[in-house]
Amino acid sequence: MTSTSATTTVARDDLELICDGLTFPNSLTFDVQGNAFIGESGVPFYDGAPSAAVLRIAMDGSREYVAQDLGRPLNGTTWFDGGLFISVGDDPGQIICIAEDGARTTIVNNLPGPGNYHINMVAFGPDGKLYFSQGAMSNLGIVGLDAYELGWLMRLPHAHDVPGLDIELAGFNAETEDPFGEEGSTVATGAFCNFGEVAKPGTRVKGSIPCSSAVMRCNPDGSDLELVAWGIRNAYGLGFLPDGRLIATDQSSDDRGSRAIGNVPELLFEVKQGCWYGWPDFVGGRPVTDKRFKASRGGPLEFVLANHDELPTPERGLLEFPSHSSAVKFDVAPDSCGAMAGQMFVALFGDERPMTAPVGPRAGRAVVRVDPSDWSIHELFDGPRHRPIDLRFHPTTGDLYILDFGDFEMTEDNEILSEPRSGSLWRIASDRLVALAV
């Protein structure tokens, strides 16, 4: 069930600026004392972009970089049991733990990449396991020329997708210009294939670990890596509800590339062991061949998998966010927030038109509240300034902190307009959130 309703919203005056001058930050966490750790992604959106880094903001307001020269993009920082767990979508992807004494340990290594998306944030479950998601290598299963348009990738060839379950290819191949051949030449590429390689009908591809478009888990030391669920395109936000359910935001496929799809909502999923979430042939339980998904930049879609009957029934979402709103990270309000306790607060990063779809109305760039009792969506506020990307409740005060990625937009010519040091951290007092529920 999905519904959107107006509610009392946070006023601009309720937002307090805590820290500015950040360069494309995308992850926030707190230690048990309440010191903040902010991951600066290191994405190359301007000349001379630095490597990724983690900034510590102490309770007294002092700042110190606790990690620098990390691979990029850095996609997650999570504090757990005295260690800072950092997700690095480098080549290959890694999870690194930095202990309180500064010692670094690689927990998980050799994750898929480079590709459209990367390893995302880490979340620790009630079972003590380390959970993380791995994004897809392509938009919808086929490596295409849209790789050149992605500001964080801009490269071909790049890695193809790796299934987590055993699949059979239907034999669909997409034809594109061949950037490595003679002028005017074309090349065919199949799903789960390298660029320029065709998929033959009936080809079986065995599922493996690690894989792309999946949620996986392991012990906190990296041992016993296993698959939780496959077919979630890019579960950028991952976390647990108080009742132990694992929840993920899924950034859905775009109207771009060799297998374009239109009007796709962003989804919120409950991640369950052994399930298939449909990618690359279903969206929220609906087949990509559904007429609602007609693309503006491509013809009718065909299935790329031939063994749907062998796979689990594709899962439906708990709710649908508006198309291109880009639901990213979230947190759950603690008991100190009174009647707001247990409510989810979700950052909507916003669209990346025209890279991801033809020019159209803006979406996202806001924070919403989701009520898990009926999975309804409620407006909270626009902003804070540019693009909210992460938010966390403070462990001692219950205040809500919102991380703003900064100034990042795209022109009609797919050029990136971005401003380093435009990212910021904001705070909303817990008593203001409590007042909203009265």
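Derivation of every value follows stated rules applied to the coordinates shown; laboratory data play no part. For clarity, every value in this text was computed on a predicted model and none was experimentally measured. As a convention, Cβ positions derive from the backbone with ideal geometry for all residues, glycine included, and neighbour counts pool all protein chains shown.
Determine the calculated [θ] at 222 nm for the chain from helices alone, applying -39500 (n - 2.57) to every DSSP H run no shorter than 4 residues and normalising by the residue count; nearest 500 deg cm²/dmol. All intermediate terms of the calculation are to be shown ahead of the outcome.
Working: 1 runs with 7 residues, N = 438.
Computed mean residue ellipticity for the chain: -500 deg cm²/dmol.
Work out, step by step, the length gained on full extension between N307 and E412: first 0.36 nm times the residue separation, then minus their alpha carbon distance; give nm to one decimal.
Values: separation 105, 0.36 × 105 = 37.80 nm, distance 3.96 nm.
Extending this stretch completely gives an extra 33.8 nm.
How do S424, S258 rank when sorted from fewest to most other Cβ atoms within 10 Å of their own Cβ?
Numbers: S424 20, S258 23.
Ordered from fewest to most neighbouring Cβ atoms within 10 Å, S424, S258 come out as S424, S258.
Choose one answer from G39, G102, G135: the residue with the largest mean-square fluctuation in a GNM of the chain with alpha-carbon springs under 10 Å.
G102
So what are the ³J(HN,Hα) numbers for the stretch 303-310, from phi and the Karplus equation (6.51, -1.76, 1.60; θ = phi - 60°), rounded to whole Hz, Gly and Pro as x?
For the stretch 303-310, the Karplus curve yields 5, 9, 10, 9, 10, 4, 5, 8 Hz.
Expressed as a whole number of Å, what is the distance separating the alpha-carbon centroids of the stretch 92-157 and the stretch 291-310?
About 26 Å separates the Cα centre of the stretch 291-310 from the one of the stretch 92-157.
Which lysines, if any, have their Cα less than 28 Å from the Cα of K272, not counting same-chain residues under 8 positions apart?
K129, K206, K329
Pick from L150, L268, L403 the residue whose mean-square fluctuation is largest in a GNM of the chain, springs joining Cα atoms under 10 Å.
Residue with maximal mean-square fluctuation among L150, L268, L403: L150.
Among M59, M344, M154, whose mean-square fluctuation peaks in a Gaussian network model of the chain (Cα, cutoff 10 Å)?
With Cα springs under 10 Å in the chain, the top fluctuation among M59, M344, M154 is at M59.
If each residue's Cβ is checked for other Cβ atoms within 10 Å, how do K129, K329, K291, K200 rank with the fewest at the top?
Working: K129 16, K329 26, K291 7, K200 12.
Starting with the residue having the fewest Cβ neighbours, the order is K291, K200, K129, K329.
By how many nm would the segment from K200 to S185 lengthen if fully extended, with 0.36 nm per residue of separation less the alpha-carbon distance? Could you put the intermediate results ahead of the total?
Working: separation 15, 0.36 × 15 = 5.40 nm, distance 2.15 nm.
Net length gain for the segment: 3.3 nm.
Per 0.36 nm of contour for each residue apart, how much would the distance between E177 and Y65 grow if the chain were fully extended, relative to their Cα-Cα spacing? Numbers along the way, then the final one.
On the way: separation 112, 0.36 × 112 = 40.32 nm, distance 4.49 nm.
Separation in residues times 0.36 nm, less the Cα-Cα distance, equals 35.8 nm.
Where does each of R56, R365 land when they are ranked from fewest to most other beta-carbon atoms within 10 angstrom? Present the calculation step by step, with values, prior to reporting the outcome.
Numbers: R56 16, R365 21.
With the sparsest Cβ surroundings first, the list reads R56, R365.
Give the distance, in whole Å, between the Cα centre of the stretch 364-438 and the Cα centre of the stretch 323-343.
About 10 Å separates the Cα centre of the stretch 364-438 from the one of the stretch 323-343.
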